Amino acid sequence: METELARMWGQIERGTFQKTYEDRHFFPQSWRCNLHQYFQNFTFIPYSSSHNFSITSKLFPIFREHSVPESSLTYIQSALSSGRTAHSTVDSKATSFIEKRLRSSPYLMELLVKMFYHDFVLFNFTLPAI
């Protein structure tokens, strides 16, 4: 995490942002999609990976506002109801292991907050207790 934080700060200082595989997956979401420029054009939908969370209840009203055909909504509902993708990691042993390591270390949690502080604030996430 120290290395990633240093890479983040280096890119901020240089004003250039690489788009490596790691960057796309681990750098702050607020750095993506020219968010600083187009923030007012986005609709942010809180999401949870919990098995009892339904994203369609959040998405479908927006889709209907934009006249997405019901046949498309039926397809989307079916696709979202068919289970997780093969590359999903939310229920993996590795994810559980890493989350426990992070949450049990005040130092790692401090690094996490330093890395993603602006995402926590911008997207109205609760800052973790350290």
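Where a number appears in this text, it was derived from the coordinates with a stated rule and is not lab data. Just so we're clear, the structure is a prediction, and the values are computed from it rather than from any experiment. Ideal geometry is used to build each Cβ from the backbone, glycine not excepted, and the neighbour counts take in all protein chains shown.
Here are the numbers:
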item	result
Reduced Cα scattering model of segment 80-119, Debye log10 I(q)/I(0), q = 0.27, 0.35 Å⁻¹	-0.88, -1.05
Choice from Gln37, Gln18, Gln29 with maximal GNM fluctuation in the chain (Cα, 10 Å cutoff)	Gln37
Mean ellipticity per residue at 222 nm, deg cm²/dmol - from DSSP H runs of n ≥ 4 across the chain, formula -39500 (n - 2.57)	-16500 deg cm²/dmol
Over segment 1-66, equivalent-ellipsoid semi-axes from the Cα gyration tensor in Å	30, 17, 8
Alpha-carbon Rg/Rh ratio, for the chain, with Rh computed the Kirkwood way	1.00
Positive-end residue of Ser72, Tyr38, Leu108, charge dipole of the chain with Cβ unit charges	Leu108
Relative contact order, percent, the chain [alpha-carbon distance under 8 Å, six or more residues apart]	38 percent
Longest segment of the chain lacking chymotrypsin sites (Phe, Trp or Tyr not before Pro) that sit in a DSSP loop with at most 14 other Cβ atoms within 10 Å	54-122
The chain, dipole about Cα centre (Lys/Arg Cβ +1, Asp/Glu Cβ -1), debye to the nearest 20	140 debye
Max mean-square fluctuation residue, GNM over the chain, Cα-Cα springs under 10 Å, options Arg24, Arg103, Arg14	Arg14
Ser82, Ser49, Ser105 arranged by Cβ crowding within 10 Å, fewest neighbours leading	Ser82, Ser49, Ser105
